[in-house]
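Down below is the structure, laid out as structure tokens.
Every read-out reported here was derived from the displayed coordinates using simple, explicitly stated rules and does not represent laboratory data. Please read these numbers as outputs of a predicted model, since none were measured by experiment. Cβ placement follows ideal geometry from the backbone for every residue including glycine, while neighbour counts extend to all protein chains displayed.
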Amino acid sequence: MRLAPTSFALLTFCAAALACPGEEGHVHADAHKREFPQLPLTPPTRPLVWGDVNIIHTTDTHGWLLGHQKQSFPEPNYDGDLGDFYSFVSHMKEIALEKDVDLLLVDTGDLHDGTGLSDGFPPGGVDGHETNKYIAMLPYDVMAIGNHELYIYADTLDTLQNLVPKLNGRYLSSNVNITIADKDGNPVSVPVGDRFVKFKTRKGRSVTSLGVLYDFTGNDHNTTVQTVQDMVKESWFSEAIADEPDFFLLLGHMPVRRDNWPTVFNAVRAVHPETPILILGGHSHIRDCVQLDGRSMALESGRYMETIGWMSVDLDEANSKQNLSFTRRYLDQNRVAYEYHTSQKNETFDTVEGREITAGLEQLFNQFDLSFLFGTAPRDYTLSRDPYPSNGSALSLFVQEALPVALAINNSRASIPSIIFTNSGELRFDIYAGPFDKNDQLTTLPFMDSFLFIPNVTAGVANQVLPMLNGEGADERKRALRSLYELGEMYGRGNVERVYRAWLANMDRRSGPERRAMQNLTLGYVTDDACPGVGDDVLHSPLPFFDSPDFIASNAPNVSDDTPIDLVFINFIEDQLLPVLNSIQTEKNYTDADVMSYTPTLASEVFGLYAQAAWN
């Protein structure tokens, strides 16, 4: 596509660094520090609005600490790294001092499960252990726990032992506990962090802060998540909010709309009707903003280090009933935006600490051997910008090509006809043309799910499973009830893909074709939230969006309906697949006892195995 060669963007342009060949099988597309963006980036069009209290917000970073390194848009919009972000925060704090205002840095959870930096650790390691060390180097004022800190007990324990102490009482888990041994060896349930914290800002303003997790149900054994509705009834909660601060700072890994923030907000408002309330949310991976009343604002700042959120507010006298003046902004995470808002040039932007963080992350990248090259992807494969099925669909690539190849390797049942079923949400990210390395493998599919099978299911029965899984053939009311049930069930376990996809679909539906025809706009997010004014820091054209079914499957084998085949599926969908299989036929009632392991290959290994076989 044509790009807008603005004069400022051209100054930030340099040619892509060439990857240098190393040992065979270990070529890598650069992981080293880039002084300039590799492609022209559109700079912001207007400065940030500063207030008495200002907040820089991150959420759902999921290990994307070296930024987005691919050259297909919108990826270059987000190619800053954590070292760049550190330098940005440092310069912003200097500006806050000059303006004599408060500036807080906050994060609302999900620090890992997403890239090789957090997930590519050697055997015996803990997810996010190494990357959390670098996150802890940022001057965060307050952090809140996310659901991805709770899927595996070892991850939660590591957070408790190694990250929480570095926050000095500012890591919050208001409704999340972990069971550990006390000094006598007896099990005791304790908060992972602190339930709340009260502190003073640099300007002496008093703050009461909580860190709330949505009603998550997919947590591991020996961790507990109390419902938000029950949390606000606790005596500690009443005591925490009893005294009036200058403002409440409510953090939470919980979407700012269509979730339980009103429950927390209303509980605070019942005691303090006029006190300013600043809410920072997360979890649904979208940019969003809402004001529950004229003296509050709730902000959510995207995912994967793509977005840096900004909120500012001018406070007034206590007990005032006037609406407050809030602003919000969604910054694309790159050096062009950072330098614009800090009035820095490339040669003055980097701080010593920022460069050290970048160098440390690059060293970790090499330590985890994330540059190991599996093959070269011939084109971009996307999750929603290409229709499913199609040659450009990552879902088509997964079920029609990658799974049949990868699961047949060293498998004694490879010669037996089969159909492979999976949920479409198993894939986390697009695949881009060019080198496909170990980091890309984990970025695309980080989950270590296993593959199971039921033998001797007739092809005629197996061919009916996919339509039934996707609700086809049911009447409209049954489909609606099933959709609502699964949305609630899967959402509770942490699946937010439906929410994110609905956001993308709405974005494309509002103005996609028209804005994409404007050749001076690059692809990116075009946010429509419930707060006044334009929230996006840079104007983009929205990504094309094509919907996909919840469940997908490999091509059916060319056999007669009465031929027995292997019905293969990813373990994540077993609870949904077995009832469907039993509803299709009556000859046998299938249970867990009929399910066996199909292959030792895990989901996270599939694309690497396929790339080695097909892309070399």
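Please order Glu75, Glu472, Glu300, Glu98 by the number of other Cβ within 10 Å, starting at the fewest.
Working: Glu75 19, Glu472 11, Glu300 32, Glu98 8.
Lowest to highest Cβ neighbour count: Glu98, Glu472, Glu75, Glu300.
Taken as Cα centroids, the range 184-259 and the range 583-611 sit 40 Å apart, rounded to the nearest whole angstrom. For the range 194-205, the Karplus equation 6.51 cos²θ - 1.76 cosθ + 1.60, evaluated at θ = phi - 60°, returns couplings of 9, 6, 7, 9, 10, 8, 10, 7, 4, 8, x, 7 Hz by residue, with Gly and Pro reported as x. Across the range 86-103, rounded Karplus estimates of 3J(HN,Hα) from the backbone phi angles (6.51 cos²θ - 1.76 cosθ + 1.60, θ = phi - 60°) give 4, 4, 4, 4, 4, 5, 5, 5, 5, 5, 4, 5, 4, 7, 6, 10, 8, 9 Hz, Gly and Pro being marked x.
Taking a straight Cα-Cα cut-off under 12 Å and skipping sequence neighbours fewer than 8 places away in the same chain, the aspartates and glutamates within cross-link reach of Lys200 are Asp102, Asp141, Asp246.
With the cut-off at under 16 Å, measuring from each backbone N in the range 107-135 to a point 7 Å along the Cα-to-Cβ line of Gln367 picks out 116-135.
Hey, what number do you get for the chain at 222 nm if only DSSP H runs of n ≥ 4 count, each worth -39500 (n - 2.57), divided across all residues, to the nearest 500? Kindly include the intermediate steps, with their values, before the conclusion.
On the way: 18 runs with 170 residues, N = 616.
Dividing the helical sum by the residues of the chain leaves -8000 deg cm²/dmol.
Listed by chain and number, the lysines placed with their C-alpha closer than 23 angstrom to that of Lys70 are Lys33, Lys438; residues fewer than eight positions away on the same chain are left out. Phi-derived couplings, Karplus 6.51 cos²θ - 1.76 cosθ + 1.60 at θ = phi - 60°, listed residue by residue for the range 303-312: 8, 6, 6, 8, 10, 10, x, 10, 9, 9 Hz, with x used for Gly and Pro. Qualifying chymotrypsin sites (Phe, Trp or Tyr not before Pro) in the range 301-372, where qualification requires a DSSP coil assignment and no more than 10 other C-beta atoms within 10 Å, are lacking entirely. Using C-alpha pairs under 8 Å with a sequence gap of at least 6, the mean separation divided by the residue count of the range 51-367 gives a relative contact order of 23 percent. The distance separating the Cα centre of the range 60-114 from that of the range 296-312 comes to 11 Å. Near Pro417: Cβ cut-off under 13 Å, other residues only, Lys/Arg at +1 and Asp/Glu at -1. The net charge is -2. Exposure proxy shown here: for Ser604, Ser424, the number of other Cβ atoms within 10 Å sets the order, fewest to most, as Ser604, Ser424. Using C-alpha pairs under 8 Å with a sequence gap of at least 6, the mean separation divided by the residue count of the chain gives a relative contact order of 17 percent.
For the range 135-227, the gyration tensor built on C-alpha atoms gives a prolate shape. Its axis ratio a/c (a ≥ b ≥ c) is at least 1.5, and a/b is the larger of a/b and b/c. With a simple spin-label model that places each label point 7 Å from the Cα along the Cα-to-Cβ direction, the separation between Glu239 and Ser206 comes to 1.7 nm.
Net charge of the neighbourhood of Asp119, taken over other residues with C-beta under 9 Å away and scored Lys/Arg +1, Asp/Glu -1, is -2. Exposure proxy for His148, His272, His283: other Cβ atoms within 10 Å of each Cβ, ordered fewest to most, give His272, His148, His283.
Under a point spin-label approximation (7 Å from Cα along Cα-to-Cβ), what is the Arg413-Thr586 distance to one decimal in nm? Distance between label points: 2.8 nm. The lysines within cross-link reach of Lys203, meaning a Cα-to-Cα straight distance under 25 Å and a gap of 8 or more places when in the same chain, are Lys93, Lys99, Lys166, Lys321.
If you plug the beta carbon distance of Ser189 and Glu98 into 1/(1 + (r/R0)^6) with R0 = 30 Å, you get a FRET efficiency near 0.05.
How would the range 51-367 be classified by its alpha-carbon gyration tensor: rounded, prolate or oblate, with rounded meaning a/c under 1.5 and the a/b versus b/c comparison settling the rest? The partial results should precede the final answer.
Values: a/c = 1.74, a/b = 1.07, b/c = 1.63.
It comes out oblate by the Cα gyration axes.
Near Ala394: Cβ cut-off under 12 Å, other residues only, Lys/Arg at +1 and Asp/Glu at -1. The net charge is -3.
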